[in-house]
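**Q** The structure that follows is given in the form of structure tokens.
The values are calculated or read from the model by the stated rules, or taken from the named source; none is laboratory data. Bear in mind that the values here come from a model prediction, so they are computed numbers and not experimental data. A quick note on method: Cβ atoms are made from the backbone with ideal geometry, for glycine too, and the neighbour counts reach across all protein chains shown.
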Amino acid sequence: MSDLIPKHGGYRKLKSFQVAQLVYDITVRFCDRYVDKFSRTKDQMVQAARSGVQNIAEGSQASATSKKTELKLTQVARASLEELKLDYEDFLRQRGLATLEPNHPVLTCFKQHKPQTVEAFAAWVEEERRRSTDEQGRTQTVTDAPRSNSSMPVRESPCQSMTSACLAANGALSLLNLACYFLDRQVERLALDFENEGGFTERLYKMRTAKRRNQP
């Protein structure tokens, strides 16, 4: 039966699932804190995040008998996370908050931290918020100082005027970009496997044909 029904359901080991699950947890907390609880946007963001996770898992389970279904559900997961990216981008734009480039110092620091849990993500947000506040204070001190001291070197803050909401949204977008990258690669691999190996129906036909040939 191992030739007919290959190993399947190992979605918890997939990088795409792990990152999407973290995004889901972060999104639930983000919406609780920063999105109006009576807004449809809150429900839509949480559902899009959940859809990304659930469809990766469901597709992995379905691969036992349908590579086509696995491919379809993985693409649904990818589309759900793309929808969620737009929601985060809208949140920032509509509030006049910065959408950071991937190489921005704040996101470079975020990638170095590699948070694996909601708590680690929240700790990074708080750390960056404090750094922004501290560096703004030092910049203001130099600005207000007498002219003779105005040449004192002060490192420009990488995250001036950033709120916790701004940092959290940009961090979530960084993780979403990573999850979408993993899913794009996953879809490409699944498509190639389907092209080379076929699906359950083809395997079943080959096995039945081989069995009939071996019968006396």
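**Q** Looking at (1) in contact with a Pro (Cβ under 9 Å, 6 or more places away or on another chain); (2) at pLDDT below 95; (3) under 18 Å from Ala169 (Cβ atoms), which is the only condition Ser39 fails?
**A** Going through (1) in contact with a Pro (Cβ under 9 Å, 6 or more places away or on another chain); (2) at pLDDT below 95; (3) under 18 Å from Ala169 (Cβ atoms) one by one, Ser39 breaks only (1).
**Q** Further question on the same structure: Return the residues of region 42-73 that are among the hydroxyl-bearing types (Ser, Thr, Tyr) and at pLDDT below 95; say none if nothing qualifies.
**A** Passing the criteria: Ser60, Ser63, Thr65, Ser66, Thr69.
**Q** Kindly provide the set of residues from region 110-137 that are of a type outside the set (Phe, Trp, Tyr), in a helix (DSSP H, G or I) and under 17 Å from the mean Cα position of the chain (by Cα), ordered by number.
**A** Hits for region 110-137 are Lys111, Gln112, His113, Val118, Glu119, Ala120, Ala122, Val125.
**Q** May I pose another question? Select, from Val19, Val35, Val23, Val53, the only residue that is among the hydrophobic types (A, V, I, L, M, F, W, C), more than 18 Å from Thr117 (Cβ to Cβ), touching a residue at least 12 places away in the same chain (Cβ under 8 Å) and buried (at least 17 other Cβ atoms within 10 Å of the Cβ).
**A** Numbers: Val19 fails: more than 18 Å from Thr117 (Cβ to Cβ); Val23 fails: more than 18 Å from Thr117 (Cβ to Cβ); Val53 fails: more than 18 Å from Thr117 (Cβ to Cβ).
Val35 is the lone residue from the list that is among the hydrophobic types (A, V, I, L, M, F, W, C), more than 18 Å from Thr117 (Cβ to Cβ), touching a residue at least 12 places away in the same chain (Cβ under 8 Å) and buried (at least 17 other Cβ atoms within 10 Å of the Cβ).
**Q** Let me ask something additional. Residues to consider are Gln140, Gln116, Gln186; find the one that is of a type in the set (S, T, N, Q) and modelled with pLDDT under 65.
**A** Every option except Gln140 fails the conditions.
**Q** Can you pull out every residue in region 106-125 that is touching a residue at least 12 places away in the same chain (Cβ under 8 Å) and closer than 12 Å to Gly171 by Cα? Outline the logic, then answer.
**A** Step one: of region 106-125, the residues touching a residue at least 12 places away in the same chain (Cβ under 8 Å) are 106-107, 109-111, 115-118, 121-122, 124-125.
Answer for region 106-125, where residues must be touching a residue at least 12 places away in the same chain (Cβ under 8 Å) and closer than 12 Å to Gly171 by Cα: Val106, Leu107, Cys109, Phe110, Lys111, Pro115, Val118, Phe121, Ala122, Trp124, Val125.
**Q** Then there is this: Residue by residue through region 24-62, note down the ones that are among the small types (Gly, Ala, Ser) and over 18 Å from Leu176 (Cα atoms).
**A** Ser39, Gly59, Ser60, Ala62
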